[in-house]
Amino acid sequence: MLRPDFDEKNHEYRYGGKKLPSVTTVIKEVLNIQYPDYAIYHATRGTYVHTAIELYLKGILDFKTVDETIKPYLDSFIAFQEKAKIEPLLLEERFADKNITFAGTVDIVGKVKGKTYLFDIKTGQKQDSYNAQMAGYKKLLNDNDIEIDGIYILDLKPAVCKVIKVENIEKYWGLFEGMLRVYWYKLNKTII
């Protein structure tokens, strides 16, 4: 498996010493997405929600440590999990692609009724780029010999988890691959 090193402080992936962009960095840079200053709060909240869910699924979450701003999102995931009964196979795992051109962290890969799915957790506003992002994650999994039967976005809000099935993911791979080529061309003036 292609497991990149990750620098939490700088949010940088490296494999064999080579710095790799994340799936979300590729999309953000190519689409020139600018986030307002208040987005830092939402991103931090999302990180804490992801951590709480990971610890919950591992069975080691101390519920007394969950902040009141995180609890409603965790509660909506727990209500979903009580119905779906995901059997986690991978939680917050980092991968690089086989060509060593990008990396990323997948939230949850798990089994439900004998099938394997990628679940991506979202806590903010819906973005048009989600399908391209999921195509990048699917490629990372496939390049690391992990096959999935489908992809679901879990759009968590206080008191509700909207489950969004990602359809026709193959057509979005071309979109993400194009973004990846533009990213590397802008960076190095080379075509990958």
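We did not get these values from a lab; they are worked out from the coordinates using the rules stated. Not measured: the values here are computed from a predicted model. Neighbour counts are summed over all protein chains in view; Cβ atoms, including those assigned to glycine, are modelled from backbone coordinates with ideal geometry.
Quick rundown of the values:
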quantity: Additional length obtainable on full extension of the chain from GLU68 to LYS83, 0.36 nm per residue less Cα span; calculated: 3.0 nm
quantity: Relative packing of peptides 132-140, 159-167, 52-60 - highest average C-beta neighbours within 10 Å first; calculated: 132-140, 52-60, 159-167
quantity: For peptides 114-120, 40-46, sequence by mean Cβ density within 10 Å, most packed first; calculated: 114-120, 40-46
quantity: Residues of type lysines that LYS157 reaches as a straight line, Cα spacing below 23 Å, ignoring anything fewer than 8 places off in the same chain; calculated: LYS58, LYS64, LYS71, LYS83, LYS85, LYS122, LYS126, LYS165
quantity: Contact order relative to length of the chain, as percent, for alpha carbon pairs under 8 angstrom and 6 or more apart; calculated: 22
quantity: Least to most buried among ASP145, ASP107 (fewest other Cβ within 10 Å first); calculated: ASP145, ASP107
quantity: DSSP beta bridge pairing in region 53-192, given as percent antiparallel to the nearest 5; calculated: 75
quantity: Between 0 and 90°, nearest 10: helix 169-188 axis offset from the chain longest Cα axis; calculated: 50
quantity: Estimated 222 nm signal from helices in the chain, with DSSP H stretches of n ≥ 4 weighted -39500 (n - 2.57), rounded to 500; calculated: -13000 deg cm²/dmol
